[in-house]
Amino acid sequence: MKKPTIVAKPQDITPDYLTQILQHAGIDASVASFTAGNVGTGQVGQNVRFELTYNTPAPRDAPQTIVGKFTSEDPVSRQTGVALLNYLREVKFYNELRETLDVQTPKLLFTDINEDTHDFVLMMEDLAPAEQGNQLEGCSVAEVKTGLTEMAKLHGPRWGDKTLYDLEWLGRPDPEADATVTGLYTQLFPGFIERYGDRLSKEQKTMGQRLGEQFSSYVAKSQGAQNPMTVVHGDYRLDNMMFGGPYPVAVVDWQSPVIGNAGQDLAYWVGTSLDPTVRKAHDRELVEHYFSALSNYAIGSYSLEQCWDDYCHFSFAGWNMAVIASMIVGQTDRGDDMFMAMATRSAQMALDLNALDTLNSV
């Protein structure tokens, strides 16, 4: 079967093209027509559900719907996706890395990218009737635990695997890149406070300022001198989780995977998902739940105590994402509310855990 071409805009998709996609994936079906509609809340990419009608009775494995992912229609968000290699990394993740991990993702039908223009197409299984997590509402402790169990299936299989560095597209600890992130935080923080300051407490703003003054100490731990590196999602949060449907939970949006410290995903997920009062009452329990699941893999001498230290240190992760991402993607009302939910929950987490003190020990 000839490899499908890249059709980078959803409005250019045709029945013949969808037939090519299915047959490339080993599904012998012919699409007669389809309807299309946007799904999800992504800002750097757009997701479209295609509801399919077939020319003849389709085989049992022919899906009624599939989902395609494309570049953002917003020029600012699209340029961000190109500049940060988000589109390239997601395509490469599915083609070169996904099969070596245990984490549940949508099944891939086809993906490819033009590495010169970064136009891409990603066609995958539709997870309906799964429900997307809601970053604004948060979730329950039980749902956080479900996400932690799945997180261990991401981190565990390639724990400390130095061959990850053979994947040149995969982000990795790098002093120059860390200096860039430090510079971005310092540069963007004043504008972030100007835009959102009235939605933040005095303590949260002070914490953000002090973090900026010690940001190089924060990123130093991502260099991996103390802990083995593994595959980190980079944006492991509720909007990127699909609960129910064909799987208890499936993880989507693989635009930011890096070789990093597992504590980044751990603290980011817990801190951005739970009401701070609830989270504070369950911090230890949740870290222990994750570590127990992670211990099913070969993690060497990595201990629960180290896991807790990483959790505290990286409690800034959700705040940092909110500060930087909110200022480099297109602004929307929902986006503003989402970034504020992430920022305020994570800021309180860092305050509760006295995380600024961890920067002095790096």
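Restricted to helices (runs of 4 or more DSSP H) entirely inside segment 1-93, those with at least 1 residues that are among the basic types (K, R) are 75-83, 86-92.
Looking across G300, G335, one residue alone is outside any helix (DSSP H, G or I), touching a residue at least 12 places away in the same chain (Cβ under 8 Å), assigned by TED's automatic domain parsing to the domain that holds P157 and surrounded by fewer than 21 Cβ atoms within 10 Å (Cβ to Cβ). It is G300.
Taken over segment 239-282, the criterion of being farther than 30 Å from T65 by Cα, surrounded by 20 or more Cβ atoms within 10 Å (Cβ to Cβ) and charged (D, E, K, R) is satisfied by D265, R279.
This table checks each residue for (1) crowded, with 17+ Cβ neighbours inside 10 Å; (2) without any contact (Cβ under 8 Å) to a residue 60 or more places away in the chain.
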site: Y94; (1), (2): yes, no
site: F120; (1), (2): yes, no
site: M123; (1), (2): yes, no
site: A128; (1), (2): no, no
site: E131; (1), (2): no, no
site: N134; (1), (2): no, no
site: C139; (1), (2): yes, no
site: A142; (1), (2): no, yes
site: M151; (1), (2): yes, no
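Considering segment 249-289, and only residues there that are part of a helix (DSSP H, G or I) and touching a strand residue (DSSP E or B) at 6+ places or on another chain (Cβ under 7 Å), the residue that is nearest to E150 (Cα to Cα) turns out to be D265. Taking segment 303-331 as the range and being in contact with a helix residue (DSSP H, G or I) (Cβ under 6 Å, 6 or more places away or on another chain) and not in a helix (DSSP H, G or I) as the test, the residues that pass are S326, M327, I328, V329, G330.
Does G234 meet the test of being under 29 Å from S301 (Cα atoms) and not in a helix (DSSP H, G or I)?
yes
The values are calculated or read from the model by the stated rules, or taken from the named source; none is laboratory data. Computed from a predicted structure; not experimentally measured. Don't worry about glycine lacking a Cβ; one is built from the backbone with ideal geometry, like all the others, and counts go over all protein chains shown.
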